[in-house]
Amino acid sequence: MEFDCLQSNKVPQKLIENSALDIDIVNPKSNSKEISNTKSESVKGENFKGKLKLKLKKGIKGSATGLNQSSDSGDVVDAVPRSITDLPPALISEILNCLDPKDLGIVSCVSSILRSLASEHHAWKGFYYERWGLPEPLGVGDEKSWKEIFVEREFRSKTFMGRYSMDVLYGHTEAVRTVFLLASAKLIFTSGYDTVVRMWNMEDGLSIASCKPLGCTIRAVAADTRLLVAGGTGGFIHCWRAVEELPHLFDLKGSQNKNTEVRLWGHDGPVTSLALDLTRIYSGSWDTTVRVWDRLTTKCIVVLRHSDWVWGLVPHDTTVVTTSGSDLYVWDTNSGTLVSIVPNAHVGNTYALARSHSGDFVFTGGEDGSIHMYEIVRDSYITEALHVATWDPHSGPVNSLAFEFPWLVSASSDGKLALIDVRKLLRTSKRVLRKRASKANHSGKVNVEPPQRMLHGYKNNLYSVDIGADRIVCGGEEGVVRIWNFTEALEIERRVCASRGVRLENRMRRRKLQTELSSKGGRSDQCSVAAKKNSVPCIWPRGGKTKA
């Protein structure tokens, strides 16, 4: 991986006219042994053979870069090819910072020096965070580089095209309206028309606990490792704080400490969507408002008013994307101002909403059965939501969306789940000034591949879906919770990759052995030896020709 060096002996006129350098040109075809210059002595040219002789003036000897500064004004610097590894490590790091994960992995295979620099580069941490957020804590003694963590997580994302096993969780007596997967704690939360929030173990599918009836249909649930919130048709938000002593975090029954539960009032209609970040609680309602609550004081600090029922919301950093009626809104949560709107995003209501972890891309599903993808483009003056792509995988309304890079999962009233790989449409590197989606024409539909996989064969009206930890969780009208577990595909893929590596290693070993034998001229000898060892005595009949 070297820089190309010009072989021509012609020097640009601008370089000759540069007052800072004295340049003498030696023509390799010339028979003269001396080249005169008004500022330099005559020097024999038989040893230069077409090279450039650069003479530094005394006044710029200390400021010239790329040349040997310790040399005198008469030193000669040869124009030889230089490798990128000769650059300072800090400069190489800045160059590697402009690459995406695929190119950075290719660079690490060039040389041992670049392998060391590229494998330990801090960009791998940024790549991982942009796609999946912070990783789960590693085990004791399990120290991995960010490149290893990224490659392993990228490998796991391919398992959703493999085999799966299905677990069916029974416990709800009526339809399940909402499911939430907390992968970091290996917990699943579900609720619905039976007014009860249930907590399940993600690994074995067993019910851990359930709360007392809340008195209304629960349409939304959200959780992290510190707080669990649920909202429904009663207009309130019921909160459970985490208990450190409990292995499953939350005391839903409220038998140990009554101070772990609190109820927030403020909405005048059913709560349809909930979300959490580190400092705030977000709630959307059919009273046409989105309320932002402070987690510490449990007080409402911002109210965002819409023109129709609010169906979904997804916050990120200082913005929150909401759907109201058929429209898509982008709000600034600090000032409470509307920064962008997409009118009539769907024909009918826009029920479902999802967002990439980087916050740059938004996915919507609507009553018309279609799924749209938008890119949030920001500059110093304006924020826009530009259309990128459209899918039509369902014959009924899309009720729920969930996203985990690179998979978008949709649940529909037609009883099907669609898995869409949006890897080709996303450009997660922040070091690229313009994203790939921005280069396309955002007007009209963009031709994209159909969904990579459809999961179907169940009853109609799937209401909610979530994805994470190699699993897809879904609930619907039949009153059960289904878990598609793809960890078996992960193990199979690992075994296939291991066997493929063994076969490749054996093949390379055989090729090396054949090369060595052919280079030594021992192939014919080897064949003759093998023929002698495997020789079979032939007995010919005595009587002339044999009959056919």
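Structure above, values below:
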read-out: Candidate set from the stretch 343-361 (those that are of a type in the set (Ser, Thr, Tyr) and open to solvent by less than 20 Å² (accessible area, probe 1.4 Å)); member that is farthest from residue 417 (Cα to Cα); value: 358
read-out: Residue match in the stretch 291-300 (condition: farther than 30 Å from residue 242 by Cα and not polar (S, T, N, Q)); value: no
read-out: Complete set of residues in the stretch 203-238 that are among the hydrophobic types (A, V, I, L, M, F, W, C), part of a strand (DSSP E or B) and either at pLDDT below 95 or surrounded by fewer than 22 Cβ atoms within 10 Å (Cβ to Cβ) (or both); value: 208, 209, 222, 227, 236
read-out: Output for the stretch 289-300, where each listed residue is closer than 13 Å to residue 333 by Cα and surrounded by fewer than 19 Cβ atoms within 10 Å (Cβ to Cβ); value: 294, 300
read-out: From 131, 156, 177, 163, residue being open to solvent by 30 Å² or more (accessible area, probe 1.4 Å) and more than 28 Å from the chain's Cα centre (by Cα); value: 177
read-out: Residue 429, sole failed condition from (1) modelled with pLDDT under 80; (2) surrounded by fewer than 17 Cβ atoms within 10 Å (Cβ to Cβ); (3) part of a loop (DSSP other than H, G, I, E, B); value: (2)
read-out: Matching option when the condition is of a type in the set (A, V, I, L, M, F, W, C) and out of contact with any helix residue (DSSP H, G or I) (no Cβ under 7 Å at 6 or more places or on another chain), among 196, 243; value: 196
read-out: Subset of the stretch 180-202 (residues that are open to solvent by 10 Å² or more (accessible area, probe 1.4 Å) and either part of a loop (DSSP other than H, G, I, E, B) or over 21 Å from residue 487 (Cβ atoms) (or both)); value: 186, 193, 194, 195, 196, 198
read-out: Counted residues, the stretch 99-124 - those being part of a helix (DSSP H, G or I) and open to solvent by less than 60 Å² (accessible area, probe 1.4 Å); value: 10
read-out: Residues (part of a loop (DSSP other than H, G, I, E, B), surrounded by fewer than 19 Cβ atoms within 10 Å (Cβ to Cβ) and in contact with an Asp or Glu (Cβ under 9 Å, 6 or more places away or on another chain)) located in the stretch 249-265; value: 254, 256, 257
read-out: Matching residues in the stretch 317-341 - criterion: being open to solvent by 50 Å² or more (accessible area, probe 1.4 Å) and within 20 Å of residue 222 (Cβ to Cβ); value: 317, 318
read-out: Test: residue in the stretch 277-288 that is of a type outside the set (D, E, K, R), surrounded by fewer than 22 Cβ atoms within 10 Å (Cβ to Cβ) and under 31 Å from the mean Cα position of the chain (by Cα); value: yes
read-out: Checking residue 325 against (1) under 25 Å from the mean Cα position of the chain (by Cα); (2) more than 21 Å from residue 243 (Cα to Cα), the condition it does not meet; value: (1)
read-out: Candidates 448, 473, filtered to the one that is in a strand (DSSP E or B) and either touching a strand residue (DSSP E or B) at 6+ places or on another chain (Cβ under 8 Å) or modelled with pLDDT of 60 or more (or both); value: 473
read-out: Every residue from the stretch 188-205 that is of a type outside the set (Val, Ile, Thr) and closer than 16 Å to residue 173 by Cα; value: 189, 191, 192, 193, 194, 198, 199, 200
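Matching residues to (1) small (Gly, Ala, Ser); (2) at pLDDT below 95; (3) assigned to a strand (DSSP E or B); (4) under 15 Å from residue 277 (Cβ atoms):
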site	(1), (2), (3), (4)
293	no, no, yes, yes
297	no, yes, no, no
303	no, no, yes, no
313	no, no, yes, yes
323	no, no, yes, no
330	no, no, yes, no
335	yes, yes, no, no
354	yes, no, yes, no
359	yes, yes, no, yes
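Here is a yes/no grid of residues against (1) closer than 27 Å to residue 156 by Cα; (2) not in a strand (DSSP E or B):
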site	(1), (2)
375	yes, no
381	no, yes
385	no, no
388	yes, no
395	no, yes
401	yes, no
409	yes, no
414	no, yes
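The values are calculated or read from the model by the stated rules, or taken from the named source; none is laboratory data. All of these numbers come straight from a predicted model, not from anything done at the bench. Counting neighbours? That spans all protein chains shown, and the Cβs are built from the backbone with ideal geometry, glycine included. Ligands, DNA and RNA are stripped out before the accessible areas are found, and what is left, the full protein with its side chains, is counted by its heavy atoms. Shrake-Rupley method; radii C 1.70, N 1.55, O 1.52, S 1.80 Å.
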